[in-house]
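Working notes for the structure below.
The values are calculated or read from the model by the stated rules, or taken from the named source; none is laboratory data. Please read all numbers here as calculations on a predicted model, not as lab measurements. For neighbour counting, all protein chains shown are included, and Cβ atoms are generated from backbone atoms with ideal geometry for every residue, glycine included.
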Amino acid sequence: MSFLDIIQILDSTIRLATPLLLACLAGLFSERSGVVDIGLEGKMLVAAFFSAAVAAITGSVWIGLLAGIAAAVVFSLIHGLASITFRGDQLISGVAINFLAAGMTVLIAQDWFQQGSRTPALTGDARFGTIDLPFADALSGVPFLGPLYADALSGHTILVYVGFLAVPATWYVLFRTRFGLRLRAVGENPGAVDTAGVSVVRLRYAAVLICGLLTGLAGAYLATGLAAGFTKDMTAGRGFIALAALIFAKWRPWYALFACLLFGFLQAVSNRYSTLDLGIIEIPNAFVLALPYILTVVILAGFVGRAIPPRAGGQPYVKER
Amino acid sequence: MTAPAIELKGISKSFGPVQANKDIALRVMPGTIHGIIGENGAGKSTLMSILYGFYKADRGEIFVRGEKIEIPDSQAAIRSGIGMVFQHFKLVQNFTVLENIVLGAEEGALLRTSLGRARALLKQLSEEYELHVDPDAKIEDLGVGMQQRVEILKALYRRADILILDEPTGVLTPSEADHLFRILEGLKREGKTVILITHKLREIMEVTETVSVMRRGEMTATVKTAETSPEELAELMVGRKVLLRVDKDAAKPGETVLDVHDLKVRDGSGVERLRGVSLTVKRGEILGVAGVAGNGQSELLEVLGGMREGKGKVFVNGEPLDLTGAKSDARTRRKRGIGHVPEDRQREGLIMDFHAWENVGFGYHDDARYNRGLLMNNDALREDARAKIEKFDVRPTDCWQKAKNFSGGNQQKIVIARELEREPDLLLVGQPTRGVDIGAIEFIHEQIVALRDQGKAILLVSVELDEIMSLSDRIAVMFDGRIMGERLPSETSERELGLLMAGITDTEHDHTVEEVEANLAHSSGKAG
């Protein structure tokens with residue numbers, strides 16, 4: 001494995017980690033407020049489709065991005081309506097959203113474009129271009145760090161940088177602001193928030209909306225940054241890997257960053273090599289792809305410290321007598 | 001004349017067909033401690049929740065300091081200077097004391113400034129009212145007494161001058177309760193108004209100046225505490241004369257039925273909940289196990305009842321009992337003549353969505369008289385249930401009602417009917433009167449004593465010290481998974497038991513509240 005290989009793997013690690021990271025942070029906001037969200041996958045998928053479709057029609061990726069976010073937010077509101085307002089089962093609502101998204105995107109794509117359930121390939125302004133970080137060219141000659149900076153860190157689309165900046169932003173909001181304190185409290189004990197005179201419903205809707213915004217970014221990045229257009233089921237389980245990363249990260253933003261980078265790295269490795277030759281044994285790439293799930297089970301089983309979810313997660317809030 | 005701190009006129013509130021409050025009138029004078037007493041379900045908590053904006057009254061007017069106001073939500077109540085300490089604390093377990101106190105009352109969008117200001121104010125408040133807590137401690141590491149102080153501080157931080165406490169002593173040891181009452185006296189001296197909701201007559205007599213009695217959603221009387229007696233209050237609460245003390249003859253203990261040697265239990269996370277418990281219960285006696293909730297009493301009942309595995313030696317009527325493996329289940333225990341009234345009747349004693357007659361048969365389904373070959377003989381089951389419902393005065397007397405439609409007291413009677421009617425040699429009883437009204441308490445106590453007088457052995461676990469004192473023939477006190485000592489009810493006092501419950505065996509000398517709390521926090525930290 002040459003140095004170039006490593007740089008290329010790191011480069012694709014960052015690209016593959018971005019949608020996971022955005023979705024993982026989305027889930028973090030939702031679950032920290034006590035709304036369990038297994039519909040991340042579905043929301044990413046509708047965002048991917050509408051961003052690609054609108055970008056293809058208008059020729060502007062920015063309008064596409066807005067459409068993608070809007071679609072994910074609408075799906076978030078459906079989840080909010082079911083689980084906050086009508087106090088329904090959050091898992092069922094999430095599953096329904098995933099099914100709805102999978103079916104709806106394919107159907108509309110076929111109806112609009114007649115290209116076998118995909119959008120036309122995006123080109124030019126209908127896709128996100130790459131951004132070179134400052135001094136990338138000048139520094140590329142520096143040994144080791146130069147290529148690392150110029151080829152792995154630089155040259156991604158804007159959404160990649162947004163995703164990585166969302167980590168400190170999430171941490172700040174959650175642990176340094178009034179909104180964050182209330183959000184964490186409502187996921188632990190909504191009764192405490194209610195009796196303190198703060199609306200449980202409003203807080204949870206705010207969290208669900210932020211979740212919609214972030215899954216919108218994640219989906220739009222998939223279709224207009226990572227790929228050049230929408231294809232059927234293109235999220236390919238990323239929403240679930242993001243959920244796994246969220247558990248792996250114990251619902252903390254910085255841990256989420258490392259979890260998503262790790263899972264992105266595993267994807268990058270398995271994309272590059274069909275089998276992984278470790279000298280003594282050969283590992284098939286299917287195993288590498290399964291690693292995120294295996295690691296999550298290990299974490300959940302309590303082998304590597306305990307992952308304690310927000311206490312009120314999954315429970316609709318009803319005032320007690 | 002000064003305006004009342006709180007005046008309610010014609011407050012009514014219904015939940016569906018149930019009228020929780022009927023045309024309530026109440027006046028609470030400023031700078032007093034006002035008690036509100038009533039049985040479970042009398043509507044006390046509903047009334048106070050209306051005052052705190054948790055529920056909205058269907059009808060009626062609320063005046064605070066002479067001014068008519070609307071209280072649509074808790075924020076409005078807080079603005080009017082009303083604070084409430086709920087029975088089940090409304091605290092975020094993994095937040096610090098300080099974070100819990102500022103939650104919802106932050107100054108500004110960033111936490112740093114609000115936490116800084118809160119810290120200063122908290123220090124001042126703790127000194128003023130002797131409510132010492134560590135602002136940086138996590139709630140989950142604090143004992144219940146401390147948590148309650150945090151709730152009081154939360155209200156004071158919001159500048160409450162009318163403080164409502166809902167059943168505040170249910171979770172406290174006697175010495176913690178005394179300390180709470182001293183805090184309340186201090187608040188009164190500072191001119192604050194305290195409303196104390198309770199069903200314990202003793203507390204009302206000790207600390208209040210005025211007491212209002214509620215029964216079935218109505219305010220039946222308001223009297224000066226100095227001019228009334230516990231007997232009169234009990235009569236006002238229940239609507240008829242009640243016997244406050246248990247009427248029983250001296251025990252005539254026979255041979256040993258239950259013999260427990262060095263019993264140990266670990267819970268799911270490996271924490272040792274029972275650390276070598278030994279005790280005996282004889283025929284014709286009631287052994288009461290006292291202790292603050294969470295010190296191993298529940299585990300003791302569960303092991304003996306066959307709901308949990310343990311280590312050690314247990315003999316029933318001289319025969320050893322399997323503590324692990326297939327023969328350690330509840331069914332085998334029942335066949336050995338052990339009846340069990342579990343602590344949590346709604347989770348372990350009944351299936352709430354099943355009919356009364358089905359619940360009366362649980363655990364004895366394989367009994368020959370309920371079976372006809374492969375099929376259940378439901379007619380026999382129902383007939384049996386009807387007889388028991390009548391004998392144990394379960395109301396309504398309809399065996400087709402679902403368990404959840406009975407009141408707490410009647411649910412408990414169903415469980416007790418099921419267990420007592422088998423005439424077990426050994427009866428395990430956990431919290432027999434938790435959430436049960438006074439009338440039913442009297443009845444349940446009578447039944448337990450009657451079983452004792454038939455020569456059965458009874459192991460009673462209760463966190464209500466009054467109940468332990470009045471029912472038991474011997475009292476064992478548990479703390480931190482061990483028996484701290486055994487006493488005879490006639491030769492001990494609540495004070496002595498209270499110290500044992502806090503793990504202090506040296507009961508001759510005086511102990512400060514801080515010592516007691518330090519001990520309790522230590523054990524609950526380990527247990528939690």
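The set of residues from the range B:91-140 being within 14 Å of chain A (Cβ to nearest Cβ), part of a loop (DSSP other than H, G, I, E, B) and within 27 Å of the chain's Cα centre (by Cα) comprises B:Leu91, B:Val92, B:Gln93, B:Asn94, B:Phe95.
Restricting attention to the range A:154-204, the residues that are more than 9 Å from chain B (Cβ to nearest Cβ) and among the charged types (D, E, K, R) total 2. Reported count of residues in the range B:48-68, each being surrounded by 15 or more Cβ atoms within 10 Å (Cβ to Cβ), farther than 17 Å from B:Val194 by Cβ and more than 11 Å from chain A (Cβ to nearest Cβ), is 5. Scanning the range B:157-172 for residues that are modelled with pLDDT under 95 and either farther than 20 Å from A:Ala196 by Cβ or more than 14 Å from chain A (Cβ to nearest Cβ) (or both) returns B:Asp161, B:Glu167, B:Pro168, B:Thr169, B:Gly170, B:Val171, B:Leu172.
The C-beta contact set for the range A:188-208 (first residue more than 20 Å from B:Lys138 (Cβ to Cβ), second residue of a type in the set (Phe, Trp, Tyr) and buried (at least 22 other Cβ atoms within 10 Å of the Cβ), distance under 6 angstrom, 6+ apart or interchain) comprises A:Ala207/A:Phe29.
Whether any residue in the range B:74-88 is of a type in the set (Gly, Ala, Ser), under 29 Å from the mean Cα position of the chain (by Cα) and either surrounded by fewer than 18 Cβ atoms within 10 Å (Cβ to Cβ) or away from chain A (no Cβ under 11 Å) (or both) is what I want to check. Taking every residue of the range B:74-88 in turn, at least one turns out to be of a type in the set (Gly, Ala, Ser), under 29 Å from the mean Cα position of the chain (by Cα) and either surrounded by fewer than 18 Cβ atoms within 10 Å (Cβ to Cβ) or away from chain A (no Cβ under 11 Å) (or both). Restricting attention to the range B:251-298, report how many residues are closer than 30 Å to B:Glu39 by Cα and surrounded by fewer than 17 Cβ atoms within 10 Å (Cβ to Cβ). Of the residues in that region, 1 qualify.
Being modelled with pLDDT under 95 and either acidic (Asp, Glu) or touching a Cys at 6+ places or on another chain (Cβ under 8 Å) (or both) is a property that A:Ala227 lacks.
Candidates are the residues of the range B:192-206 that are among the aliphatic types (A, V, I, L, M), over 17 Å from B:Asn40 (Cβ atoms) and within 20 Å of the chain's Cα centre (by Cα); the one that is surrounded by the most Cβ atoms within 10 Å (Cβ to Cβ) is B:Ile195.
Let me confirm something: among A:Ala286, A:Ala220, A:Ala256, which residue is on the phi < 0 side of the Ramachandran plot, of a type outside the set (Asp, Glu) and free of Cβ contacts under 8 Å to residues at least 24 places away in the same chain? Walk me through it before giving the result.
Working: A:Ala220 fails: free of Cβ contacts under 8 Å to residues at least 24 places away in the same chain; A:Ala256 fails: free of Cβ contacts under 8 Å to residues at least 24 places away in the same chain.
After applying the criteria, what remains is A:Ala286.
Screening the candidates B:Val260, B:Val292, B:Val242, B:Val238 for the property of being touching a strand residue (DSSP E or B) at 6+ places or on another chain (Cβ under 8 Å) and over 29 Å from B:Ile504 (Cα atoms) yields one hit, B:Val238.
Among the criteria (1) farther than 14 Å from B:Gly217 by Cβ; (2) touching a residue at least 40 places away in the same chain (Cβ under 8 Å); (3) out of contact with any strand residue (DSSP E or B) (no Cβ under 7 Å at 6 or more places or on another chain); (4) among the polar types (S, T, N, Q), the one B:Asn40 does not fulfil is (1). Selection of the range A:262-281 for residues being hydrophobic (A, V, I, L, M, F, W, C) and touching a helix residue (DSSP H, G or I) at 6+ places or on another chain (Cβ under 9 Å) yields A:Leu262, A:Phe263, A:Phe265, A:Leu266, A:Ala268, A:Val269, A:Leu276.
Restricting the range A:273-295 to residues that are surrounded by 15 or more Cβ atoms within 10 Å (Cβ to Cβ) and assigned to a helix (DSSP H, G or I), the residue that is farthest from the chain's Cα centre (by Cα) is A:Asn285. Report yes if some residue within the range B:217-226 is among the acidic types (Asp, Glu) and either surrounded by 21 or more Cβ atoms within 10 Å (Cβ to Cβ) or within 21 Å of the chain's Cα centre (by Cα) (or both); otherwise report no. The answer is no; no qualifying residue exists.
Here B:Lys44 fulfils each of the conditions (1) closer than 22 Å to B:Tyr157 by Cα; (2) within 14 Å of chain A (Cβ to nearest Cβ) apart from (1). Restrict the check to the range A:79-87 and report whether at least one residue is free of Cβ contacts under 8 Å to residues at least 40 places away in the same chain, under 16 Å from A:Leu45 (Cα atoms), loosely packed, with under 14 Cβ neighbours inside 10 Å and over 22 Å from the mean Cα position of the chain (by Cα). No, the conditions are met nowhere in the range A:79-87. Just one of (1) buried (at least 22 other Cβ atoms within 10 Å of the Cβ); (2) touching a residue at least 40 places away in the same chain (Cβ under 8 Å) fails for A:Leu100. It is (1). Taken together, A:Gly88, A:Gly34, A:Gly42, A:Gly80 contain a single residue that is over 16 Å from A:Asp125 (Cα atoms) and either touching a Cys at 6+ places or on another chain (Cβ under 6 Å) or modelled with pLDDT under 95 (or both), which is A:Gly88. Is one or more of the residues making up the range B:131-151 among the charged types (D, E, K, R) and without any contact (Cβ under 8 Å) to a residue 40 or more places away in the chain? Yes, that holds for at least one residue. Scanning the range B:225-257 for residues that are farther than 30 Å from B:Ser278 by Cα and in contact with a Ser or Thr (Cβ under 6 Å, 6 or more places away or on another chain) yields B:Thr225, B:Leu236.
Please enumerate the residues belonging to the range B:60-90 that are of a type outside the set (Val, Ile, Thr) and in a strand (DSSP E or B).
At the first step, the residues of the range B:60-90 found to be of a type outside the set (Val, Ile, Thr) are B:60-61, B:63, B:65-68, B:70, B:72-77, B:79-81, B:83-84, B:86-90.
Listed by number, the residues that qualify are B:Gly60, B:Glu61, B:Phe63, B:Glu67, B:Lys68, B:Gly83, B:Met84.
Of all the criteria given as (1) modelled with pLDDT under 90; (2) surrounded by 15 or more Cβ atoms within 10 Å (Cβ to Cβ); (3) more than 30 Å from B:Glu302 (Cβ to Cβ), the one not satisfied by B:Asp247 is (2).
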